[in-house]
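Novice: I am attaching a structure below and will ask some questions about it afterwards.
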Amino acid sequence: MDWHVLEEVLDPLPVFHGWMREAETTEPNDPNAAALATATKDGYPSVRMVLVKRVDDQGFCFYTNAESRKGRELTINARAALCFHWKSLRRQVRVEGPVVELSAEDADQYFHSRSRVSQLGAAVSQQSRPLESRKRLEELVKQFGAEHPGEVPRPESWKGYAVRPERIELWMDGEYRLHNRFLFVRQGDGWTRTRLFP
Ligand SMILES: Cc1cc2nc3c(=O)[nH]c(=O)nc-3n(C[C@H](O)[C@H](O)[C@H](O)COP(=O)(O)O)c2cc1C
């Protein structure tokens, strides 16, 4: 895509979807991976990668353990920022906004769509808490699997969240580091668009 096109864009979401489709063909792994930034109430930040499983009317959706560090931060400060970087395309997308929890039905559906071992891993993981050894984790997975030969129950703390985009910035690499940045800010049903200095 030529950057001139961005000067005419009214809605950043179709551009995001187009870039994601391209990234699916160019990135060696996880084109849907994004850095997710959260913060404590007093502004202490933390960041880690997550997989954005879909982008729909609810927002940019990802799944995690609500008792993890990010989950605890989202409970006290329900705002987040996401940053996608597709190295092969030299493009970046930044998304910011309030975060909402997805329904239990939604979490169930996604949880059970994963492989059995992934479900067992998620079920026994006390994400972000100290773990004495790898062996302990493997024992827990084995034990939980033996206790649940049929469907693996989803732990209540394993949830989906959606970042509802209030601000989206599309960034395209430019020659001599004269990059192209377009900031879109939600305004009612539409967006305002502003070009930013690189
Ligand atoms: C490419 C990639 C994708 C990841 N996707 C997820 C994810 O979708 N959900 C998740 O809980 N952790 C995911 N992780 C692990 C997180 O980065 C992180 O280690 C974990 O969620 C604990 O983070 P926290 O202690 O800040 O809560 C992913 C890691 C990588 C490198």
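The values are calculated or read from the model by the stated rules, or taken from the named source; none is laboratory data. All values reported here derive from a predicted model rather than from experimental measurement. As a convention, Cβ positions derive from the backbone with ideal geometry for all residues, glycine included, and neighbour counts pool all protein chains shown.
Novice: Just to be sure before I move on: is residue 34 touching a Cys at 6+ places or on another chain (Cβ under 9 Å), within 11 Å of the ligand (Cβ to nearest atom) and either closer than 23 Å to residue 125 by Cα or at pLDDT 95 or above (or both) in the structure I sent?
Specialist: Against the criterion (touching a Cys at 6+ places or on another chain (Cβ under 9 Å), within 11 Å of the ligand (Cβ to nearest atom) and either closer than 23 Å to residue 125 by Cα or at pLDDT 95 or above (or both)), residue 34 qualifies.
Novice: Identify the residue in region 37-74 that is among the aliphatic types (A, V, I, L, M) and assigned to a loop (DSSP other than H, G, I, E, B) and, among all such residues, is farthest from the ligand (Cβ to nearest atom). Walk me through how you get there before you give the answer.
Specialist: Within region 37-74, the subset among the aliphatic types (A, V, I, L, M) is 37, 39, 47, 49-52, 55, 66, 74.
Those left that are additionally assigned to a loop (DSSP other than H, G, I, E, B): 52, 66.
Details: 52: 8, 66: 10 Å.
My answer is 66.
Novice: Can you name the residue in region 27-55 that is in contact (Cβ under 8 Å) with a residue 24 or more places away in the chain and of a type in the set (D, E, K, R) and is also surrounded by the fewest Cβ atoms within 10 Å (Cβ to Cβ) among such residues?
Specialist: 41
Novice: Select from region 104-136 the residues that are surrounded by fewer than 16 Cβ atoms within 10 Å (Cβ to Cβ) and assigned to a helix (DSSP H, G or I) and list them in ascending order.
Specialist: 104, 105, 108, 109, 112, 113, 116, 117, 118, 134, 135, 136
Novice: For the structure I just gave you, tell me whether residue 78 is within 12 Å of the ligand (Cβ to nearest atom), over 30 Å from residue 146 (Cβ atoms) and modelled with pLDDT of 95 or more.
Specialist: On the way: within 12 Å of the ligand (Cβ to nearest atom): no; over 30 Å from residue 146 (Cβ atoms): yes; modelled with pLDDT of 95 or more: yes.
No.
Novice: Is at least one residue of region 86-105 more than 16 Å from the chain's Cα centre (by Cα) and closer than 13 Å to residue 63 by Cβ? Spell out how you get there, then give the answer.
Specialist: Kept after step one, since they are more than 16 Å from the chain's Cα centre (by Cα), are these residues of region 86-105: 87-91, 103-105.
From the residues that got through so far, the ones that are closer than 13 Å to residue 63 by Cβ too are 103-104.
Looking through region 86-105, at least one residue is more than 16 Å from the chain's Cα centre (by Cα) and closer than 13 Å to residue 63 by Cβ.
Novice: Within region 99-112, does at least one residue satisfy the condition of being of a type in the set (Val, Ile, Thr) and outside the structural domain of residue 162 (by TED's automatic domain parsing)? So that I can check it myself, show each step before the final result.
Specialist: Of the residues in region 99-112, the ones of a type in the set (Val, Ile, Thr) are 99-100.
From what's left, outside the structural domain of residue 162 (by TED's automatic domain parsing): none.
No, there is no match, as no residue in region 99-112 is of a type in the set (Val, Ile, Thr) and outside the structural domain of residue 162 (by TED's automatic domain parsing).
Novice: List pairs: first residue in region 168-182 and without any contact (Cβ under 8 Å) to a residue 60 or more places away in the chain and crowded, with 18+ Cβ neighbours inside 10 Å, second residue of a type in the set (Lys, Arg) and not in a strand (DSSP E or B) anywhere in the structure, Cβ distance under 7 angstrom, at least six positions apart or on different chains.
Specialist: Taking only residues 6 or more apart or on different chains, not a single pair turns up.
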